[in-house]
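Written out below as structure tokens is the structure these notes cover.
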Amino acid sequence: MVLVCLLPTLAAAGADTESRFIRIQRNENRNPVALQTVIAKYAPAGGQQGVEIDLVAVVHIGEQGYYRRLNKEFEKYDAVLYELVATEGTRPPTGGERKSDNPLGMLQLGMKFFLRLERQLQVIDYHKSNFIHADLSPEGMRGAIEGAR
């Protein structure tokens, strides 16, 4: 069920080819058994000293242990830039269910209950001091969409 819902996303991400950020682990019968994400490290070419950047692939719905490991991993970084279409300064509430009339949010909530998984916004701790909102506001998103037409 999860893979069916994620197929459009995986196709758009090029998951039908060799992806460096997300992959499907299969058993010996080629049946899918896990969806895996990666932390990709980028450093200056030629081995020079400088800033290193890690791109952390995170899915919206997963096992609680997955998000707990990510929370521990995020403690190692000076800054964690996160995507969330929200007004500046917004931090998702930690834990607890939030009601939403957003179709994507409702789909995620339904999948969470049906698959007995967790939602990223409920387990990732966005209140850590190194977390920085780095996405558009709803108004900015509307403007970007209108500008693309």
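The values are calculated or read from the model by the stated rules, or taken from the named source; none is laboratory data. The model shown is predicted, which means the values in this text are computed figures rather than measured ones. Every residue, glycine among them, receives a Cβ derived from its backbone with ideal geometry; neighbour counts consider all protein chains shown.
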| note | Expected single match for surrounded by 11 or more Cβ atoms within 10 Å (Cβ to Cβ) and among the charged types (D, E, K, R) among 116, 69, 149 is 69
| query | In this structure, is residue 127 surrounded by fewer than 11 Cβ atoms within 10 Å (Cβ to Cβ) and in contact with a Ser or Thr (Cβ under 8 Å, 6 or more places away or on another chain)? | reply | yes
| Among the residues of the range 71-114 satisfying the criterion of being farther than 28 Å from residue 40 by Cα and among the acidic types (Asp, Glu), which is modelled with the lowest pLDDT? | 97
| request: Collect the residues in the range 21-54 that are under 26 Å from residue 81 (Cα atoms) and of a type in the set (D, E, K, R), keeping them in residue-number order. | output: 23, 41, 52, 54
| said: I'm checking my understanding of the structure. Among residues of the range 33-89 that are hydroxyl-bearing (Ser, Thr, Tyr) and more than 17 Å from the chain's Cα centre (by Cα), which one is nearest to residue 117 (Cα to Cα)? | reply: 87
